Amino acid sequence: SAKAAGRNTMRFFDPEMQAAVSARAALEKELRIALQQQELRLYYQPQVNEHGAIIGAEALVRWQHPRLGLVTPASFIPLAEETHLIHPLGLWVLETACRQLTRWSSVPTRAHLVIAVNVSVRQFRQPDFVEQVCAVLDSSGADPRKLKLELTESLLLDDLEDVVAKMTALRARGISFALDDFGTGYSSLAYLQHLPLDQLKIDQSFVRDLDVHPNDAVIARSIVALARNLGLSVIAEGVETPLQRNLLAGLGCPAYQGYLFSPPLTREAFEIFAEEWEPESDERD
Ligand code: C2E
Ligand code: MG
Ligand code: MG
Ligand code: MG
């Protein structure tokens, strides 16, 4: 009705909503400029095995904003995903990580490091995603066996056949796949056996209260057992205390990532960290 339409039109001029809309539009514009002006930064968070050795790093994007300082991905990745900006952003992350792999490949103490790159569902959904990744591998010269892509369970709401076909093609090139934030998403376990995965990543929400909530330990233990039964590796994220690390080790989880070891670091800081890191120094219980 005209009245309803009138109300809808009125709502457009709701100052609060109008402010939100223009703030969003402004942010989108700024993010587009950020991509051109190279304001994005790729940070690296160490991943550690049961012996305390650094086995790789997760690449995590930040935005070095001229006024706001270092902006966390939680405040711009969702916007990037709603717009087309996730495509150039995702490509930049992938290119930067692959160039890093190539640089590390010639340094004996770093040549073994695997970089895990987060891939948005929308990015993965592009028809030419496989070709894009292969092109980045070719142009960077990165060893595909050192590249891991982190996907989330929301991917499974998509055409499973297409998802499996893309993963299979990329695995044939040597790339591996981790399922990120595992246990928090669309959790039908049946699909898991169809996915050509390499790793489950225990979500930090199950790690946080591992020592106080027995149920979280039960879930973590189940994920570890599930991974083992499916022939997958497993890593826990958000490990902050020696107790959490030790409990996870006791559950059979052999790899960890979290503030206990290090927060995400700039490339330079990561390299210094990796150089100075002594596995034994991890025996802090
Ligand atoms: P994620 O992939 O699950 O990454 C783990 C997040 O946990 C990171 O947050 C990391 O800094 C944080 N973290 C690591 N250790 C600890 C810990 O011990 N305690 C706590 N409380 N947190 C810890 P960050 O860097 O803010 O990233 C948030 C999310 O943004 C990521 O979650 C990922 O979903 C997304 N993201 C980050 N970088 C990218 C990217 O390059 N591309 C895409 N598509 N998404 C990204
Ligand atoms: Mg991740
Ligand atoms: Mg995660
Ligand atoms: Mg998470």
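The values are calculated or read from the model by the stated rules, or taken from the named source; none is laboratory data. Quantities reported herein were computed from a predicted structural model and do not represent experimental measurements. Because the Cβ atoms are built from the backbone with ideal geometry, glycine has one as well, and the counts that use them run over all protein chains shown.
Select from the range 66-82 the residues that are touching a helix residue (DSSP H, G or I) at 6+ places or on another chain (Cβ under 8 Å) and crowded, with 16+ Cβ neighbours inside 10 Å and write down the one among them that is farthest from LEU42 (Cα to Cα). Filtering first and then ranking leaves GLU81.
Checked across the range 175-191, the condition of being within 14 Å of ligand 3 (Cβ to nearest atom) and more than 25 Å from ASP158 (Cβ to Cβ) holds for no residue. Among the residues examined, PRO196 does not qualify as more than 27 Å from ALA135 (Cα to Cα) and either at pLDDT below 90 or under 19 Å from the mean Cα position of the chain (by Cα) (or both). Scanning the range 168-196 for residues that are closer than 22 Å to ALA57 by Cβ, away from ligand 2 (no atom under 16 Å from the Cβ) and aliphatic (A, V, I, L, M) gives a single hit, LEU170. Give the residues of the range 140-169 that are under 24 Å from SER105 (Cβ atoms), in a strand (DSSP E or B) and in contact with an Asp or Glu (Cβ under 9 Å, 6 or more places away or on another chain), sorted by residue number. Matches in the range 140-169: LYS148, GLU150. PHE182 satisfies every condition listed in (1) modelled with pLDDT under 95; (2) over 16 Å from the mean Cα position of the chain (by Cα); (3) within 27 Å of PRO279 (Cβ to Cβ) except (2).
Residues are listed down the side, and each one gets a yes or a no for (1) touching a residue at least 40 places away in the same chain (Cβ under 8 Å); (2) assigned to a helix (DSSP H, G or I):
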site: LEU89; (1), (2): yes, yes
site: LEU94; (1), (2): yes, yes
site: ARG99; (1), (2): yes, yes
site: VAL107; (1), (2): no, no
site: ARG110; (1), (2): yes, no
site: ARG122; (1), (2): yes, yes
site: VAL130; (1), (2): yes, yes
site: ALA135; (1), (2): no, yes
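Filtered by the rule that a residue be within 16 Å of ligand 2 (Cβ to nearest atom) and buried (at least 19 other Cβ atoms within 10 Å of the Cβ), the range 239-267 gives VAL239, ALA255, TYR256, GLN257, GLY258, PHE261, SER262, PRO264.
Taking the conditions exactly as written (of a type in the set (Lys, Arg) and within 16 Å of ligand 4 (Cβ to nearest atom)), does ARG62 satisfy them or not? Yes.
Pairs meeting the criteria (first residue in the range 203-227 and under 15 Å from TYR256 (Cβ atoms) and free of Cβ contacts under 8 Å to residues at least 60 places away in the same chain, second residue surrounded by fewer than 16 Cβ atoms within 10 Å (Cβ to Cβ) and of a type in the set (Gly, Ala, Ser), beta carbons under 8 Å, at least 6 apart or on different chains) are VAL224/GLY252. Between ALA80, ALA74, the distinction of being within 19 Å of the chain's Cα centre (by Cα) and within 16 Å of ligand 4 (Cβ to nearest atom) belongs to ALA74 only.
Consider the range 221-238 and keep the residues that are under 10 Å from LYS201 (Cα atoms) and within 16 Å of ligand 4 (Cβ to nearest atom). The one that is surrounded by the most Cβ atoms within 10 Å (Cβ to Cβ) is ALA236.
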